1. Mind checking which residues of segment 220-272 are among the hydroxyl-bearing types (Ser, Thr, Tyr) and either modelled with pLDDT under 50 or over 24 Å from Leu53 (Cα atoms) (or both)?
2. Look through Asp226, Asp207, Asp183 and report the one residue that is within 21 Å of Val161 (Cα to Cα) and open to solvent by 40 Å² or more (accessible area, probe 1.4 Å).
3. With the checklist (1) farther than 18 Å from Ala63 by Cβ; (2) modelled with pLDDT under 95 in hand, flag the one item Tyr196 doesn't pass.
4. Which residue, of Tyr114, Tyr87, is buried (at least 18 other Cβ atoms within 10 Å of the Cβ) and either modelled with pLDDT of 95 or more or hydrophobic (A, V, I, L, M, F, W, C) (or both)?
5. Restrict the check to segment 87-102 and report whether at least one residue is under 18 Å from Leu150 (Cβ atoms) and among the polar types (S, T, N, Q).
6. Looking only at segment 124-154, which residues are of a type in the set (A, V, I, L, M, F, W, C) and touching a Leu at 6+ places or on another chain (Cβ under 9 Å)?
7. Conditions first: (1) assigned to a loop (DSSP other than H, G, I, E, B); (2) open to solvent by 80 Å² or more (accessible area, probe 1.4 Å). Arg44 passes all but one, so which condition is the exception?
8. Kindly provide the set of residues from segment 51-73 that are outside any loop (DSSP other than H, G, I, E, B) and at pLDDT 80 or above, ordered by number.
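The values are calculated or read from the model by the stated rules, or taken from the named source; none is laboratory data. Values in this document were obtained by computation on a predicted structure and should not be read as measured data. Heads up, the Cβs are rebuilt from the backbone with ideal geometry, glycines too, and the neighbour counts pull from every protein chain shown. Heads up: the accessible areas ignore ligands, DNA and RNA and are worked out on the full protein's heavy atoms, side chains in. Shrake-Rupley method; radii C 1.70, N 1.55, O 1.52, S 1.80 Å.
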Amino acid sequence: MTLGTALKQARKAKQLNQKQAARGICAQSMLSAIENDRYVPNARLLLALCQRLGVAVSTLSLADDFEISAEQAFNDRVRQMCNAHQYQQLKDWLLQPTTLEHVQTDEQTQAYYYYLGVACWQVDRTSDAAQQNLRLAIGMAAPSSPPTTLTRLALISLAVVKAHHHPQAPVAALVTRALADIDASAYEENANIVFYLAGLVAYEQHDSQLAVARLTQGLAFATTHDSHYMLANIYQLMAQLAMAGETATAQVASQRSQVFKDLFKEQINDRL
């Protein structure tokens, strides 16, 4: 799926025609060119279209879900609520004693606390519950080198939560652990999320140069494994960095107008 096709599908999902989607943003003819992959939008135009079409960076779904139970119905329930971003319902359901009764193994318990931490974060970002549950997920990790993808996600998610509350929070150790030997691990598409969230941590801490470096590393990681997953989110965060003009070096600043032409190469597909 190309960028143009992805934008077209998002537009149709909102039941908008090209004229309606482009109004106040660009000419209908330009949107048509974008959707037919004849024109690559710049950062400002891309973000405006994503806002109009309801594409949000803050809501991420896993490429493959983790099991919290041996019973598939429970795992399907988690997946359905996560994909629909029904985090209040997910939180309430996970906290039910009858749900916890079906969580048996250490790996399932780790997944349980990871999902509960994510749900708490999405429901109330001022609460400490997200940090508490993510710490429990990290504590349930079986000793392994390198860490599992689930452990990496719990580590980097905790770093995001801490950085959001306190931009100067000491989270470097969490990020380092999340990224440690990631190239040596058996590849899972969910690992792409780790790089995006590592970039988001640096963004929250106003270190644009580090954010760009981590996001660029994530692009290389995903495309090396012939994956499209999370590329659109990475592009969008890089666009925000470029628009904010916070890039720390003259070299990065001079490439601002070219960054998306360099990133949106024909061989790279995008999934919004």
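1. Those that are among the hydroxyl-bearing types (Ser, Thr, Tyr) and either modelled with pLDDT under 50 or over 24 Å from Leu53 (Cα atoms) (or both): Thr223, Thr224, Thr247, Thr249, Ser254, Ser257.
2. Values: Asp226 fails: within 21 Å of Val161 (Cα to Cα); Asp183 fails: within 21 Å of Val161 (Cα to Cα).
Answer to the check: Asp207.
3. It fails just one condition, (1).
4. Tyr114
5. no
6. Applying the first criterion (of a type in the set (A, V, I, L, M, F, W, C)) to segment 124-154 yields 129-130, 134, 136-138, 140-142, 150, 153-154.
Result: Ala129, Ala130, Leu134, Leu136, Ala137, Ile138, Ala141, Leu153, Ala154.
7. Of the numbered conditions (1) assigned to a loop (DSSP other than H, G, I, E, B); (2) open to solvent by 80 Å² or more (accessible area, probe 1.4 Å), the odd one out for Arg44 is (1).
8. Arg52, Gln72, Ala73 - these are the residues of segment 51-73 that are outside any loop (DSSP other than H, G, I, E, B) and at pLDDT 80 or above.
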